[in-house]
1. Relative to the longest principal Cα axis of the chain, at what angle does helix 509-538 sit, 0 to 90 degrees, rounded to 10?
2. Would you calculate a helix-derived [θ] at 222 nm for the chain, using -39,500 (n - 2.57) for each DSSP H run of n ≥ 4 and dividing by the full residue count, to the nearest 500?
3. Which angle from 0 to 90°, rounded to the nearest 10, does the C-alpha axis of helix 449-502 make with the longest principal axis of the chain?
4. Which value in nm describes the separation of the simple spin-label points at residue 396 and residue 516, placed 7 Å from the Cα toward the beta carbon?
5. For an R0 of 51 angstrom, estimate the FRET efficiency from the Cβ-Cβ distance between residue 412 and residue 580 and round to the nearest 0.05.
6. Tell me the Kirkwood radius of region 140-220: reciprocal of the mean inverse pair distance over distinct alpha-carbon atoms, in Å.
7. How much of the pair distance distribution for region 79-136 lies past 14 Å, counting alpha-carbon pairs only, in percent?
8. Could you give the angle, 0 to 90 degrees to the nearest 10, between helix 183-196's Cα long axis and the longest principal axis of the Cα atoms of the chain?
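All of the numbers you see were taken from the coordinates with simple rules; none came from a lab. Given the structure is predicted, the values throughout are model-derived calculations rather than measurements. Glycine also receives a Cβ, built like all others from the backbone with ideal geometry; neighbour counts cover every protein chain displayed.
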């Protein structure tokens, strides 16, 4: 009686060994570091960044701990944060805008552990530090964008129905103004617009003699819906960008009717975070103007209806102002390799409407050249006259110009990119979508690692104090069985940390509270078992029978208590946000670990001590 087969002992030992190995990285901490990557996504191993950084640090008298190449970026580790911050200023000046120099915390996990795939768990904003942004959506810009969309749609609608007009344009004070050729075009135009545009109010403007004009204004309901959609689309876009860029468990929440709260744990470099969140990248497809001279345009004589651009090699190119298609119709983008040249490319998929537009346009322009214009808008903070000034920088460049060989559909590809990394970045931004309206950061707050360190120390103390008090109580009250329970409890915490590390779950301050609660629940299972054993002994059963009955009969009570708590934790995770989810994750994993350690591990130790032996009395 009270014996386990050998395979159960082997299984338990393997689980414990794996748990210890994957929990170990959390003991090594992390180093303050700088992560340097190319702003254009080029291969950093083929550039001089490492040598330039090394020379700059040597001249500044800053000695790094170690320099290493990691995933197409250069990682420089330092002994303390003071060196890290000094080195950032020095290296930024030395490398210029061609490189991104970001602050980070690099795990100090030994190579043999990293080789096994072991890494420390993520720490939340309240423990690791990070950045907090309060962002406001420019709703006026969202309305302007909607009105500009109406202008484009109205032009197509009137042309298709052969209704002649002079001009269609957006007014500075809001709304769209349409000027018709004569009175005969006004009435059918008004009826046509009324039938096709249900979200606008139409007003015939007869204030000027000889002018036949209609003013369109978005209805109040349409304005409210446009603002609501802009906010929701921006939240979705921000969430996609952050998730695809690998920030662990970010918090992105709506606040009010035009603001968004964004928290990025572990991100120390606010400039880099702004670049991630605020970058607006899209594509425009325009026909190349081969009818006029590029050289004349370079000298200032740009023909009406055309605009001068630059290709990536610096050569000027003349494009027609009319935009054939925008990136708003892109629903998917994936980077790949051009089978013809072996260079990078981005495979584009359009929505149904975009596919029809593109098919019609390219069918009419076969044999002519079409250019792909990459547009990126960034907000940079620069110093002017001793003051920091925010300035929006719009970059427009032609990434390729190719002859249309045949009619294109909803799927096509873009080539002419400089590197596979640039292709991945472009695909990421296009896939995540452009922001529906510009976002302005009205409040930013950095939670420094020092504050996170204080939180960790306080949380660590709470776990240790609760843990030690439970250990003392169990050892005094249950004697040898109490010591067995203490061993199971220690293993429970180790396995919990290992599971969180393997799943790369994020530990937050509420998560530490979940660990403290898990400690109490884990020992509660042992108390139920031990009290059942004592009750069986009082009823006159033998020690072996009491042990067997204690574990067997207490199992249903333990399972009931833990499963109901697990259900509550799952509900908290499903409906909670941020800190609540952190608490739910640690509680759920803790319950799973406590079921294993309290039932299987403690039973295995008891069986190893008492199994197969004649005993007269239990030390319980």
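1. 30 degrees
2. Values: 17 runs with 298 residues, N = 620.
It comes out at -16000 deg cm²/dmol, rounded to the nearest 500.
3. 20 degrees
4. Taking the simple label geometry, residue 396 and residue 516 are separated by 5.9 nm.
5. Details: r = 45 Å, r/R0 = 0.88.
Rounded to the nearest 0.05, the efficiency is 0.70.
6. 12.7 Å
7. 71 percent
8. Its long axis makes an angle of about 10 degrees.
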